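Note sheet for the following structure.
The values are calculated or read from the model by the stated rules, or taken from the named source; none is laboratory data. Model, not experiment: these values are computed from the prediction. Counting neighbours? That spans all protein chains shown, and the Cβs are built from the backbone with ideal geometry, glycine included. Accessible surface is based on the protein model in full, side chains and every heavy atom, while ligands, DNA and RNA are left aside. Shrake-Rupley method; radii C 1.70, N 1.55, O 1.52, S 1.80 Å.
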Amino acid sequence: MGIHANAIWEPAETDGRADLPVDGTGMVCHLTMTVPPASDASMTVAGNQIGMTLTLTPDQMTRMGKFLTDQSRHATEYLRRCMNPDGLDGIEPGSCIVIPFDVEEARE
């Protein structure tokens, strides 16, 4: 099992009645990471802050950077999909968009 990440996209603000994004809102991305127990990773918790140190090879770092950069370029597309749930690639109201990523298996 390698290092896995998920980019979980959802509107920054939602109209509770329609469960659709509020006009003029943007998207936020929650980044989750799963690191195997045998990896060279450490985590510290201090109050309400969590610090994580993760050792990556240059190839892994390149793949992770590309994934994050690619995700940032899709925020407008994801917002459009949330605002138009009945469209061809629309997202059901109240849903979020989850983009999985495996650092080990990603290829250029």
**Message:** Would you confirm whether or not the stretch 97-104 contains a residue that is of a type outside the set (Ser, Thr, Tyr) and exposed (fewer than 12 other Cβ atoms within 10 Å of the Cβ)?
**Reply:** yes
**Request:** Determine, yes or no, whether Gly94 is in a loop (DSSP other than H, G, I, E, B), open to solvent by less than 70 Å² (accessible area, probe 1.4 Å), over 23 Å from Ile3 (Cβ atoms) and touching a strand residue (DSSP E or B) at 6+ places or on another chain (Cβ under 9 Å).
**Result:** yes
**Message:** Quick check on my filter: what residues within the stretch 15-46 are over 23 Å from Pro100 (Cα atoms), open to solvent by 60 Å² or more (accessible area, probe 1.4 Å) and either outside any strand (DSSP E or B) or touching a Leu at 6+ places or on another chain (Cβ under 7 Å) (or both)?
**Reply:** Gly16, Arg17, Asp19, Asp23, Gly24
**Request:** For Glu77, state whether it is acidic (Asp, Glu), modelled with pLDDT under 90 and either outside any strand (DSSP E or B) or open to solvent by 50 Å² or more (accessible area, probe 1.4 Å) (or both).
**Result:** no
**Fill in**
Reported set for the stretch 19-54 where residues are more than 20 Å from the chain's Cα centre (by Cα) and either at positive phi or hydroxyl-bearing (Ser, Thr, Tyr) (or both) is Asp19, Gly24, Ser39, Ser42, Thr44, Gly47
